[in-house]
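I have placed the structure first, in the form of structure tokens, so that the comments after it can refer back to it.
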Amino acid sequence: MDEVHHWISTNGGPDFYQVLKRNVEKTAKAGSRWVTTTNAYNPNEDSVAQAIHESEMVLQGHWLYDCLEGSIDVSQLRNTEAVRQALLEAYGDASWADIEGLTKTILFDRTTPDSTYLRFFFNAIAESSDGWMSKGSWDLCQVDKGNDPIKPGDQIAIGFDGSVRGDATGIVGVRLRDAKLFVIGLWERPEKAPEDWEVDVLAVEAAVINAFATYRVEWMYGDPPYWQEALGRWAIRFNRRGEDRVFEFWTNKATRMVQAIERFHSAVMVQELSHEGDKKLTQHVLNAVTREVPAGTETGVLIQKDSPRSKRKIDLAVCAVLAIEARADAIADGRMTVKRRRVAGF
């Protein structure tokens, strides 16, 4: 099995690996063996290379994981001697390698991201240079599912990002009192869906209604494209004693979205929000890459897929950003203040 750092969920790599490995293991007594070759993986992609490297079979010595890694970090990639020595270390006895040529390329060719140099030239595990969120930072925000779980009746805010055919539709909630994120719903296009596949609008509608019935939803932000009529209906339906609870949030308005993304990222960095490790939410957050855009008089950062046709979805990441914004605005509006009835006894 070759180049297993490219074997990720969006191309069916992990499933294919399991089929091959399973059949080899069944016939091991007959002499069957499997071997993989790979470059260093991106830890945000959950590739087969990463699964093998982190396996207990490797940790206990049952599988051989052999790697020559150059001793260098990204801060040293402009240091000629550090680059040359790390290349010699990584390439070992590969006498055909053009160490001097590779050194010049790494020092002066800025058309290639530094993370690519680290992975493919030094065998160092590295995240994508344009990745929005580091796996380490996101993982630090994870809490135990059994520790103060989200319960019916909790005050929450909601972020909604809807599509019809191409991208996914998602709903993410966040508890007001502690900024704990949770996934309410996700509708993704199946791998082998027919050309006319569309999001189940009725299922999305039912999930929104159920969320408002289950929790005390104080504020909901939804991205209007394709769903403007639905957002309007929900705004009327869930208005409470003249207090609006459903609002539009146009994610294509750069300045506002840049600010929301920055606030979310900062909250992760200082662990002011939490999540329970939902696999899809984590995947979408780590799939997001950044793009610099003009925002007012300055430059800001938006998040997007790694390419327009990419299968690596980010919709739940957008929902989470909107949910955190909805929470902040709900609190600013005084919605966390719970009025208690006074009971007098005579």
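The values are calculated or read from the model by the stated rules, or taken from the named source; none is laboratory data. The shown structure was predicted, so the numbers you read here are calculated from the model rather than taken from an experiment. So basically every Cβ, Gly included, is an ideal-geometry build from the backbone, and we count neighbours across all protein chains shown. Note: accessible area is taken over every heavy atom of the protein model, side chains too, but ligands, DNA and RNA are not part of it. Shrake-Rupley method; radii C 1.70, N 1.55, O 1.52, S 1.80 Å.
Taking the Kirkwood radius as Rh and the Cα radius of gyration as Rg, region 131-287 has a ratio of Rg/Rh equal to 0.95. When the chain is treated as a GNM with alpha-carbon contacts under 10 Å, the residue of V164, V24, V258 showing the greatest mean-square fluctuation is V24. Please report how far the C-alpha centroid of region 192-245 lies from that of region 1-73, rounded to the nearest whole angstrom. Region 192-245 and region 1-73 have Cα centres separated by 42 Å. The 3J(HN,Hα) values that the Karplus relation (6.51, -1.76, 1.60; θ = phi - 60°) gives for region 152-164 are, in residue order, x, x, 5, 6, 9, 10, 10, x, 10, 10, x, 9, 10 Hz. Gly and Pro appear as x.
Rolling a 1.4 Å probe over the protein heavy atoms leaves R256 with an accessible area of roughly 90 Å². Within the shell defined by Cβ-Cβ distances under 13 Å, the residues around E100 carry a net charge of 0, with Lys and Arg each +1 and Asp and Glu each -1. Solvent exposure of the chain, expressed per residue, is 56 Å² of accessible area, with all protein chains present and a 1.4 angstrom probe. Here is the size of the chain from its Cα atoms: Rg then Dmax, 24.2, 95 Å.
Ignoring everything except DSSP H segments at least 4 long, calculate the 222 nm mean residue ellipticity for the chain; use -39,500 (n - 2.57) per segment, divide by total residues, nearest 500. When only DSSP H runs of four or more count, the value is -11000 deg cm²/dmol.
Counted as membrane-span-like here are DSSP H helices of the chain whose alpha-carbon atoms extend 24 Å or more along the helix's own axis and whose Kyte-Doolittle mean is 0.5 or above; these are 315-332.
For F108, the accessible area of its heavy atoms, probed at 1.4 Å with every protein chain present, is near 150 square angstrom. Top mean-square fluctuation among W250, W132, W96, Gaussian network model of the chain, C-alpha springs under 10 Å? So, out of W250, W132, W96, the one fluctuating most is W96. Ranked by solvent-accessible area (1.4 Å probe, protein heavy atoms only, all chains present), the residues M1, M336, M220 order from largest to smallest as M336, M1, M220. When the GluC sites (Glu not before Pro) in region 117-213 are filtered for DSSP coil states and for at most 16 other beta-carbon atoms within 10 Å of their beta-carbon, the remaining sites are E191, E195, E198.
Dividing the convex hull volume of the alpha-carbon atoms in region 38-86 by its residue count gives 98 Å³ per residue. Cα gyration tensor of region 55-169, axes a ≥ b ≥ c as square roots of the eigenvalues: rounded (a/c below 1.5), prolate (a/b > b/c) or oblate? Prolate, because a/c is 1.5 or more and a/b exceeds b/c.
When the GluC sites (Glu not before Pro) in region 50-101 are filtered for DSSP coil states and for at most 15 other beta-carbon atoms within 10 Å of their beta-carbon, the remaining sites are E54, E69. Only protein atoms count toward the accessible area here, which uses a 1.4 Å probe; on the chain, the carbon and sulfur part of that area reaches 51 percent.
Rounded if a/c is under 1.5, else prolate if a/b beats b/c, else oblate: with a ≥ b ≥ c from the C-alpha gyration tensor eigenvalues square-rooted, which is region 1-132? Because a/c hits 1.5 or more and a/b exceeds b/c, region 1-132 counts as prolate.
Considering only Cα atoms, the convex hull volume of region 215-309 works out to 155 Å³ per residue. Considering only A28, A330, A230, the Gaussian network model of the chain with Cα springs below 10 Å gives its largest mean-square fluctuation to A28. Taking 29 Å as the cut-off for C-alpha to C-alpha distance, list the pairs among K180/K313; K21/K192; K151/K305; K253/K280 that go past it. Check vs 29 Å cut-off fails for K151/K305. D196 sits with roughly 120 Å² accessible to a 1.4 Å probe, with DNA, RNA and ligands left out of the calculation. For region 6-74, the Cα-based Rg and Dmax, in that order, read 13.6, 46 Å.
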